[in-house]
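S.K.: Got a structure for you, questions after.
Read-outs: derived from the displayed coordinates by stated rules, not from any lab. Note that the coordinates shown come from a computational prediction; the quantities given were computed from them, not determined experimentally. Note: ideal-geometry Cβ built from the backbone for every residue, glycine included; neighbour counts use all protein chains shown.
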Amino acid sequence: MSQVIIGVDLGGTNVKTAVASRDGQLLSKDSRPTHAEGGPDVVMDAMQESITAALKGAGLASKDVLAAGIGAPGPMNWQTGVVYSPPNLPGWHNVPLAELMQKRLGYPCYVDNDANVACYGEYWSGAGRGADTMCLLTLGTGVGGGIVVFHKLLRGIDGTAAEIGHLKVMRDGRLCGCGSKGCLEAYASVTGMVHTAIEGIESGKKTVLTEWCGGDLHKITGKMVSDGVAQGDEFSKWVMNETGVWIGLGISSLINLLNPEKVVLCGGMISAGEVLFKPIRDTAKANSFEVPGKRAEIVSAGLGLDSGVIGAAGCALARYEEDHHK
């Protein structure tokens, strides 16, 4: 059997591992608690145990592995595999994760940003398969992103490229969690959607959301807005539409800048379905150049919760082949 690739999605709560073939087929999976509070060594123990279990599930052993890829959160140097200080992994400071895991496992290990590997997963084996150039937006509490240009992840000289949520869409706009103002994330995320709802209610708009939150507007959630849409609340529909318009504006800039074939959307917000996707698509098309605007398909992610682990494996394969000039 040709050698397989390991993909690891390292989160603050769980470690998820996949064994994938060289053509992107998922062979086996494992998931277990990260035990992040224990520090780097305990987390790496969990990763090693998860990899062993995933290999066993596929009927394979370490000798069958070509390389491993790890999608990790927070700031890092993707070239050296050093993870700096991820906020959800306490006790981590300049941890040479790739080097340490390679010593443990006995085969090459690579580390990449978790949003980038999710993007690469969709490009390699999901909704972006077959595209030369694609963008991915993760729509949740914030807005993350990844970009593949002619089959390669766009990382930037410092490894900080594709921070799509921090495109500037409003001069002196809402304060973003990054400390700047007017970022796309402040309008196009769940956080931004809730902010839009609060602003509307404070301006006098009538909605069922006021009753549901007991008059405390800070208790409004994205799910409440979705439920309001489902129950026909006109204000909730307006909030969802406004959020879709903001997302579409951000995507129109990506279309004009990068001319992608696919724009893939993932994250909890996409469960809203067409009520969100229609304003996204209409706005993106109306605000981008005609030819690239027609070309760019705006689609849902195809790998669900597996985009990170499959993408980590795909990144590892690509980097291994670059290192070995294959």
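S.K.: Once you've got the Cα coordinates, tell me which of K29/K63; K181/K219; K29/K294; K16/K181 are over 30 Å apart.
M.R.: Numbers: K29/K63 18 Å; K181/K219 23 Å; K29/K294 38 Å; K16/K181 35 Å.
K29/K294; K16/K181, as the Cα separations exceed 30 Å there.
S.K.: Next question, about the same structure. Could you tell me how far the Cα centroid of the stretch 224-249 sits from the Cα centroid of the stretch 304-320, in Å?
M.R.: Each part reduced to its Cα centre gives a spacing of 33 Å.
S.K.: At 20 °C and 1.002 mPa s, what whole-number value in µm²/s does Stokes-Einstein give for the translational diffusion of the chain, with Rh from the Kirkwood sum over Cα pairs?
M.R.: 104 µm²/s
S.K.: Counting Lys and Arg as +1 and Asp and Glu as -1, what is the net charge of the other residues whose Cβ lies under 13 Å from the Cβ of K29? Before the final figure, lay out the partial values.
M.R.: Numbers: positive: K16, R32, K56; negative: D9, D30, D306.
Taking every Cβ under 13 Å from that of K29, the sum is 0.
S.K.: S180 versus H218, label points 7 Å from Cα toward the beta carbon: distance in nm?
M.R.: Label at S180, label at H218, 2.7 nm between them.
S.K.: Check each of the trypsin sites (Lys or Arg not before Pro) in the stretch 70-179 and keep only those in coil by DSSP with at most 15 other C-beta atoms within 10 angstrom; list them in order.
M.R.: Answer in residue order: R129, R171.
S.K.: Using only the alpha carbons, work out the radius of gyration and Dmax of the stretch 1-155 in angstrom.
M.R.: My reading of the Cα-based Rg and Dmax gives 15.0, 42 Å.
S.K.: Residue separation times 0.36 nm, minus the C-alpha to C-alpha distance between D23 and E321: what's the value?
M.R.: Computed gain between D23 and E321 is 105.9 nm.
S.K.: What is the helix-to-structure angle for 274-286, meaning the angle in degrees between its Cα long axis and the longest Cα principal axis of the chain, kept from 0 to 90 and rounded to the nearest 10?
M.R.: 90 degrees
S.K.: Right, another one. 222 nm [θ] for the chain, helices only, -39500 (n - 2.57) per DSSP H run of 4+, per residue, to 500?
M.R.: The helix contribution divided over the chain gives -12500 deg cm²/dmol.
S.K.: Now for a separate question. Using only alpha carbon pairs under 8 Å that are at least six residues apart, calculate the relative contact order of the chain and give it in whole percent. If you can, show how the numbers build up before the last one.
M.R.: Details: 716 pairs, mean separation 66.7, N = 326.
It comes to 20 percent, rounded to a whole number.
S.K.: Enumerate the aspartates and glutamates that K262 could reach by cross-link, defined here as Cα to Cα under 16 Å, with residues fewer than 8 away along the same chain left out.
M.R.: Output for K262: E122, D132, D282, E290, E297.
S.K.: Just to confirm the number: angle between the C-alpha axis of helix 190-202 and the first principal axis of the chain, 0 to 90 degrees, nearest 10?
M.R.: That helix lies at roughly 10 degrees to the long axis.
S.K.: So, counting K/R as plus one and D/E as minus one, what does the shell of residues with Cβ under 12 Å around Y187 add up to?
M.R.: Counting the neighbours of Y187, the net charge comes to 0.
S.K.: So, one more: Express in nm, to one decimal, how much length is gained between E99 and K206 on full extension, taking 0.36 nm for each residue of separation and deducting their alpha carbon distance.
M.R.: On the way: separation 107, 0.36 × 107 = 38.52 nm, distance 5.72 nm.
Working it through step by step, the gained length comes to 32.8 nm.
S.K.: Take T221, T133 and order them by how many other Cβ atoms sit within 10 Å, fewest up front.
M.R.: So the ranking, lowest neighbour count to highest, is T221, T133.
S.K.: Using only Cα positions of the stretch 130-301, each an equal point scatterer, no hydration layer, compute I(q)/I(0) via Debye at q = 0.15, 0.20 Å⁻¹ and quote the log10 values to two decimals.
M.R.: Once normalised to I(0) and log-transformed, intensities are -0.81, -1.31.
S.K.: Give me H151, H218, H93, H166 ranked fewest to most by other Cβ atoms within 10 Å of their Cβ, as a rough exposure proxy.
M.R.: In order of increasing Cβ crowding within 10 Å: H218, H93, H151, H166.
S.K.: Also, quick follow-up: How far is the Cα center of the stretch 43-116 from the Cα center of the stretch 154-206, in Å?
M.R.: 31 Å
S.K.: Further, regarding this structure: Could you please report the charge total around V239, scoring K, R as +1 and D, E as -1 over all other residues with beta-carbon less than 11 angstrom from its beta-carbon?
M.R.: Here the count lands on -2.
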